[in-house]
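K.L.:
My questions will all concern the structure given below.
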Amino acid sequence: MNETAAGSPEVVDAAGGEGKQPADQPSFTLGPKDSLEGKLTYHGRLRIEGRLDGEVHVSGDVEIARGATVKASLEASGVSVEGNLQGNVIARQKLTLSGSGQLTGDVHVAKLQVSDGASLNGNVRMGGFE
């Protein structure tokens, strides 16, 4: 953990310090048997293991777990996809598609990482978040 100039702790991810976020940022998990339909605005981190349909605006990171199904427009700081995502994505810091991740939709990202086996079908626009 690092500390900001104000002295509050931050979490630094293992991939080179991208996505610094306060350690005490709230976190919400939508479990594997859970589903959500509608619009979600959340100040924190979100992990999706089940099904989500609608529109999502998250101040922190969104993680879509293997086996999860998301049909939504999504805006977040960082987005990690191991499951299936259909919808447009705005990732203000980084979008990561793992080997099992599937994304169908247009993306606007600062940085993009696509692993072998992942699929991305859509248009990509990079930068412009400053």
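K.L.:
Does E75 satisfy the criteria of being modelled with pLDDT of 95 or more and either assigned to a strand (DSSP E or B) or surrounded by fewer than 20 Cβ atoms within 10 Å (Cβ to Cβ) (or both)?
P.N.:
Criteria met by E75.
K.L.:
Could you tell me which of the residues D24, D53 is farther than 18 Å from N123 by Cα and at pLDDT below 95?
P.N.:
D24 is the lone residue from the list that is farther than 18 Å from N123 by Cα and at pLDDT below 95.
K.L.:
So, in the stretch 102-124, how many residues would count as being of a type outside the set (A, V, I, L, M, F, W, C) and farther than 22 Å from G54 by Cα?
P.N.:
5
K.L.:
Now, a different point. Where residues in the stretch 87-117 are assigned to a loop (DSSP other than H, G, I, E, B) and touching an Asp or Glu at 6+ places or on another chain (Cβ under 9 Å), which of them is surrounded by the most Cβ atoms within 10 Å (Cβ to Cβ)?
P.N.:
This residue is G101.
K.L.:
For the stretch 32-45, enumerate the residues that are surrounded by fewer than 12 Cβ atoms within 10 Å (Cβ to Cβ) and in a loop (DSSP other than H, G, I, E, B).
P.N.:
If the condition is that a residue be surrounded by fewer than 12 Cβ atoms within 10 Å (Cβ to Cβ) and in a loop (DSSP other than H, G, I, E, B), then K33, H43 are the ones that fit.
K.L.:
Of all residues in the stretch 53-72, how many are buried (at least 20 other Cβ atoms within 10 Å of the Cβ) and of a type in the set (K, R)?
P.N.:
0
The values are calculated or read from the model by the stated rules, or taken from the named source; none is laboratory data. Keep in mind that what you see is a predicted model, and the values were worked out from it rather than measured. Here Cβ is always computed from backbone atoms with ideal geometry, including for glycine, and neighbour counts include all displayed protein chains.
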